[in-house]
Amino acid sequence: MDAAEKKRLRHEILADARTLLVERFAATEWGRLLVTLAEVSGTWQVESLDVDDIDGDEALVERVFASRSLQDALSPLAHIIEALVVLDGCTVEAVSGGTLVRTHEDTFAFLPGLVRTPSRRFDQARDECASWMNDSLKEFRGAHMLTGQEQLGVDIDAQRIDFLRGSEVRTHVSALLMATFATESRTFAWAKSNPHLNHTVKTAAAKLVDEMEERDVWELSELHFPTDPSTARALCGFVARRNAMRCVLEVAREDGVLWLGVTS
């Protein structure tokens, strides 16, 4: 199935999802629904539902989700979630379910995994952080006369990145591993949670996050959590800016992404 066909099918499934959610799940009263699936006799079924970001009649939401009549709507919901997970190139085993998000246009978007609503402070700064990630990287490359096509020699333990053209090291910088993103499980993890890092790197990575003053940002308190790549990237920008880093380098790996903050 090519990208255009996937996009068309995704649109159709989300349209069906909207009808089901509005008619049976009081979807006009909340912003986000986290659907956990469990395999029962070879079939994916809804194990639990978590409603987040209620912005309407909370009492109505409670009545609807406590109602026995909701049970016959769970099977089609499970099929919708399973289909959307597969279309996004994931497996239900890896992500445990999916998240339906109501947009400002009253349509629905989908995220693989159980993705909580971003903290207000981070969400308000998200676009600014994403722009900073782009602008700071462009400025960094300009200062070092880099094209972006160089190979990267990453030494996490030594906190160093070499920029290579062939076998020639064009320049090198000090860079600290900040976080990782696992593509299969769609999970973001702060580097301080990595048991394989040496003590020096792990301590420095922990300091980045733990000494930030914005403790109302729940993302700073969790070691790892499901999210999408663009949110993960912006979150690294949020932390890097507060720590006066020059920029953040994104290093693609077979199983996901590393983000390293440039410190000199």
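The values are calculated or read from the model by the stated rules, or taken from the named source; none is laboratory data. Quick caveat: nothing in here was measured; it's all calculated off a predicted structure. Ideal geometry is used to build each Cβ from the backbone, glycine not excepted, and the neighbour counts take in all protein chains shown.
Structure notes:
- Of the residues making up region 149-176, those that are outside any strand (DSSP E or B) and surrounded by fewer than 15 Cβ atoms within 10 Å (Cβ to Cβ) number 5.
- Among residues of region 208-226 that are among the β-branched types (V, I, T), those with a Cβ under 6 angstrom from a residue that is modelled with pLDDT of 95 or more, sequence gap 6+ or separate chain, pair up as V209/W190; V209/L220; V217/S119; V217/R121; V217/F122.
- Restricting E128, E168, E184, E139 to those that are farther than 21 Å from L208 by Cα and without any contact (Cβ under 8 Å) to a residue 60 or more places away in the chain reduces the list to E168.
- Of the residues contained in region 192-204, one or more are found to be surrounded by 15 or more Cβ atoms within 10 Å (Cβ to Cβ), touching a helix residue (DSSP H, G or I) at 6+ places or on another chain (Cβ under 9 Å) and in a loop (DSSP other than H, G, I, E, B).
- For region 65-100, a tally of residues being surrounded by fewer than 18 Cβ atoms within 10 Å (Cβ to Cβ) and either of a type in the set (V, I, T) or in contact with a His (Cβ under 7 Å, 6 or more places away or on another chain) (or both) returns 2.
- The listed residue being in a loop (DSSP other than H, G, I, E, B) and of a type outside the set (A, V, I, L, M, F, W, C), out of E184, E250: E184
- Per-region count, region 71-99, residues at pLDDT 95 or above, over 19 Å from E184 (Cα atoms) and not small (G, A, S): 5
- Condition check for A179: in contact with a Phe, Trp or Tyr (Cβ under 7 Å, 6 or more places away or on another chain) and crowded, with 17+ Cβ neighbours inside 10 Å: yes
- Residue selected from region 215-240 under the condition touching a Phe, Trp or Tyr at 6+ places or on another chain (Cβ under 7 Å) and assigned to a loop (DSSP other than H, G, I, E, B), by the criterion surrounded by the fewest Cβ atoms within 10 Å (Cβ to Cβ): L223
- Of the residues I80, I13, the single one that is under 21 Å from the mean Cα position of the chain (by Cα), in the same structural domain as T99 (by TED's automatic domain parsing), in a helix (DSSP H, G or I) and in contact (Cβ under 8 Å) with a residue 60 or more places away in the chain is I80.
- Residue match in region 50-68 (condition: among the hydrophobic types (A, V, I, L, M, F, W, C), in a strand (DSSP E or B), over 13 Å from L111 (Cα atoms) and under 20 Å from the mean Cα position of the chain (by Cα)): yes
- Hits in region 101-139 (condition: surrounded by 15 or more Cβ atoms within 10 Å (Cβ to Cβ) and in a loop (DSSP other than H, G, I, E, B)): G113, L114, V115, R116, P118, S119
- Members of region 87-125 that are free of Cβ contacts under 8 Å to residues at least 60 places away in the same chain and of a type in the set (D, E, K, R): D88, E93, E105, D123
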